[in-house]
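A.B. asks: What follows is a structure written as structure tokens; I'll ask about it next.
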Amino acid sequence: MAAERRHTLYFLGETRAFSPVFLDSEIDMTAVLGHRAAERDAGRSLSVVSYVVHAVSHAMARHPEANAAVRGRLRPRLAKYADVNAKVTFDKNMNGHRVVLSAVLRGAQSATLDEIQAWLEVHRESDPMSAPEFAGVRLLHRLPAWLGRPAFQIRSRSLAQRPTLFGTVAVTSLGHRPVDGFHSVGGTTVTFGVGRIADRPVVREQQVTAVPVMRLSMAFDHRVIDGAEAADVLADVKAGLEGFAE
């Protein structure tokens with residue numbers, strides 16, 4: 001395996017203890033696209049991911065049981081976090097290798113839509129070979145596997161450090177490609193997968209009409225929360241997007 005993908009290998013090793021369950025819902029994106037178009041006319045460019053992170057962060061703040069992490073099997077320990085730290089994945093290139101990197105927006109529940117967008121733009125445009133936020137990944141790549149793997153394990157298994165390393169909720173998107181939906185385990189109790197927006201037939205007032213619909217998937221760790229709580233989180237995110245008002 002290329003050294004540039006070692007961080008992914010180490011990460012996958014640490015997520016094997018998860019007990020994932022998968023949910024999904026179709027989101028009517030009419031309100032979001034309307035707001036986005038108005039902002040674009042005013043000279044502001046906002047990505048769909050910004051809206052999702054905004055809605056997800058507010059929903060997680062209303063569900064502190066989900067904004068948590070667990071560690072251990074024989075004597076499991078649960079940690080709940082006051083802040084919602086949103087982890088977002090980015091498609092990057094390192095030394096000619098296409099890789100997925102992530103960054104964590106701390107205190108995302110208090111961030112405005114503009115602040116989320118600005119944060120996303122910084123990380124989308126940053127060079128992974130020099131940006132300070134990816135220094136840890138570069139160090140892992142330089143270390144031999146026998147040393148890099150335990151170094152990653154030590155950091156990732158600390159409940160105190162998990163919010164800064166993995167976040168407390170994850171958002172990953174393939175909506176820029178012809179992907180309707182997918183499920184991903186992002187190292188957090190709850191992970192959201194964002195698919196594309198496409199016009200789909202919807203019945204309204206006994207009439208079939210075309211509506212911009214986005215498939216939003218959710219994976220949750222059954223060790224931390226149950227299906228009812230997870231469904232409530234997903235319902236809150238859906239309501240936040242469909243009834244978006246800044």
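A.B. asks: Which part of region 205-243 falls in the paramagnetic zone of Phe182, meaning amide N under 16 Å from the point 7 Å along Cα-to-beta-carbon?
C.D. replies: Inside the label zone: 215-219.
A.B. asks: Name the longest site-free stretch of the chain, where the excluded sites are trypsin sites (Lys or Arg not before Pro) in a DSSP loop with no more than 11 other beta-carbon atoms within 10 Å.
C.D. replies: Longest gap between qualifying sites, sites excluded: 74-246.
A.B. asks: Once you order the gyration tensor axes a ≥ b ≥ c over the Cα atoms, which shape class does region 48-155 get: rounded for a/c under 1.5, otherwise prolate or oblate by comparing a/b with b/c?
C.D. replies: Note, shape of region 48-155 comes out oblate.
A.B. asks: Once both axes come from the Cα atoms, what is the angle between helix 113-125 and the longest principal axis of the chain, in degrees from 0 to 90, rounded to 10?
C.D. replies: That works out to roughly 50 degrees.
A.B. asks: Here's another thing I want to ask about it. Taking the structure as given and computing semi-axes √(5λ) of the Cα gyration tensor in Å, which label from (1) 25, 21, 17; (2) 31, 22, 16; (3) 27, 19, 18 fits?
C.D. replies: After the calculation, the listed value that fits is (2).
A.B. asks: Continuing with this model, one more query. Specify which residue in the list Pro144, Asn95, Gln109 is farthest towards the positive end of the charge dipole of region 94-156, using unit charges on the beta carbon of Lys, Arg (+1) and Asp, Glu (-1), about the Cα centre.
C.D. replies: Final value for the positive-end residue is Pro144.
A.B. asks: Which FRET efficiency, nearest 0.05, do Glu229 and Ala42 yield, Cβ-Cβ r, R0 45 Å?
C.D. replies: 0.70
A.B. asks: Over its Cα atoms, what ratio of radius of gyration to 2.2 N^0.38 Å does region 96-216 give?
C.D. replies: Dividing the Cα Rg of region 96-216 by 2.2 N^0.38 Å gives 1.36.
A.B. asks: Continuing with this model, one more query. Run the quick spin-label model on Glu242 and Arg71: label points 7 Å from Cα toward the beta carbon, then report their separation in nm to one decimal.
C.D. replies: If labels sit at Glu242 and Arg71, their model points lie 3.9 nm apart.
A.B. asks: Let me ask something else. Sort Asp127, Asp41 by accessible area with a 1.4 Å probe, largest first.
C.D. replies: Asp41, Asp127
A.B. asks: Nearest 0.05, what FRET efficiency do Asp91 and Ser19 give at R0 = 35 Å with Cβ-Cβ as r?
C.D. replies: Plugging the Cβ-Cβ distance into 1/(1 + (r/R0)^6) gives 0.80.
A.B. asks: Can you work out the FRET efficiency for the pair Thr30 and Ala151, with r the C-beta to C-beta distance and R0 = 51 Å, to the nearest 0.05?
C.D. replies: Approximately 0.60, to the nearest 0.05.
A.B. asks: If you don't mind, there's one more thing I want to ask. Ordering Val21, Val203, Val213 by accessible area with a probe of 1.4 Å, largest first, what comes out?
C.D. replies: Val203, Val21, Val213
A.B. asks: Just to confirm, what accessible area per residue do you get for the chain at 1.4 Å probe, in whole Å²?
C.D. replies: Result: 50 Å² of accessible area for each residue.
A.B. asks: Another one. If I fit a long axis through the Cα atoms of helix 145-156 and take the longest principal axis of the Cα atoms of the chain, what angle between them do I get, 0 to 90°, rounded to 10?
C.D. replies: 60
The values are calculated or read from the model by the stated rules, or taken from the named source; none is laboratory data. Please read these numbers as outputs of a predicted model, since none were measured by experiment. Here Cβ is always computed from backbone atoms with ideal geometry, including for glycine, and neighbour counts include all displayed protein chains. These area figures cover heavy atoms from the full protein model, side chains too; ligands, DNA and RNA do not enter into them. Shrake-Rupley method; radii C 1.70, N 1.55, O 1.52, S 1.80 Å.
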